[in-house]
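Every number in this text was worked out from the coordinates using simple rules, so none of it is lab data. Since the structure is predicted, the reported quantities are computational estimates derived from the model, not experimental observations. Here Cβ is always computed from backbone atoms with ideal geometry, including for glycine, and neighbour counts include all displayed protein chains.
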Amino acid sequence: MLYRLTEVTKRYTQRRKQIDALDGVDLAIDEGEFLAIQGSTGSGKTTLLQMLGAMDRPSGGKLEFEGHDLVKMGEGDLSELRSHSFGFIFQGFNLIPTLTAQENVETALVPWHVHADERRRRAEEALAGVGLADRARHIPSELSGGEQQRVAIARALVRAPRVILADEPTGNLDERTRDDIIGLLEQLWRERGQTLIVVTHDTWVASRASRRIWLDRGRLGEEPAAAVPGLDARVVAEPALAVAGRL
């Protein structure tokens, strides 16, 4: 078991009002799994992803990664864990506009003090792996949205993390480019055996995962039947292939 969450909560205070972003989440995630997290706006999807990536701490409960409780780890240990175990992909790409595609990928290796020649080699390999070997010298403004997201994926993969965490990775893309990006992520997941966790509001994207879960006001629950016409809400956590067979 890679992750085990037990009664995980996250509370914020806004204008003297307490908000439960996560409210007693119990969840187990196996290594090598492709998990999709769905839910309406404000349901806690991104908060849960931040917890899984050690970018934020729960207010309560236990969050274990490989048997280690992240709630009890010091900031230095959490920083080391984020650097070596997790790769992040965001909806807004988060590329540095003045750097080339290759230089953007190389930035992920700078904190590791990797020699410049080795950084270049690994960045070139990562870009080739996402089909952008011929675009390495282009800055983000010279790339399409899909190409920018491919650069972001290469940046997440260049350190060979255990887990890829993607927050609405196709949210800014048209339907055709969305299909290409999810197809690429799925291909890389199958080839590399890394754990892939994707937050998405897009049911088609979620259907590509090996398992999907639904968050509702900070709690794990059943997906509304209206979200997927004709789909029994009870199968929301079953493998995507089983779900597809019932559509």
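Which of rounded, prolate or oblate describes the chain when judged by the alpha-carbon gyration tensor and an a/c cut-off of 1.5? Since a/c reaches 1.5 but b/c is at least a/b, the shape of the chain is classed as oblate.
Since only Ile197, Val130, Trp112 are under comparison, the one whose Cα sits farthest along the positive direction of the charge dipole of the stretch 3-244, derived from C-beta charges on Lys, Arg, Asp and Glu, is Trp112.
Estimated from helical segments only, the mean residue ellipticity of the chain at 222 nm is -9500 deg cm²/dmol, where each DSSP H run of four or more residues counts as -39500 (n - 2.57). Over the C-alpha atoms of the stretch 77-185, the Rg to Rh ratio, Rh being the Kirkwood estimate, stands at 0.95. Taking amide H as placed 1.01 Å from N in the peptide plane, Asp216 has its amide H under 5 Å from the amide H of Gly221, each at least 5 places away in sequence or on another chain. For Lys10, a cut-off of 16 angstrom between C-alpha atoms picks up these aspartates and glutamates, skipping any fewer than 8 places away in its own chain: Asp20, Asp23, Asp26, Asp56, Glu64, Asp69, Asp216. One Cα centroid belongs to the stretch 116-195, the other to the stretch 1-55; the line between them spans 25 Å.
Summary value for the stretch 3-244: 27 percent relative contact order, contacts being C-alpha pairs under 8 angstrom separated by 6+ residues. Under a 5 Å amide H cut-off, with hydrogens placed 1.01 Å from N, Gly24 pairs with Val8, Thr9, Lys10 among residues at least 5 apart or on other chains. Shown here for the stretch 100-156: trypsin sites (Lys or Arg not before Pro) in loop regions (DSSP other than H, G, I, E, B) with at most 14 other Cβ atoms within 10 Å, namely Arg137. Under the convention that each Lys and Arg Cβ holds +1 and each Asp and Glu Cβ holds -1, the size of the dipole of the stretch 116-222 around its Cα centre is about 460 debye. Taking the Cα centre of the chain as origin and assigning +1 to Lys and Arg Cβ atoms and -1 to Asp and Glu Cβ atoms, the resulting dipole is close to 480 debye.
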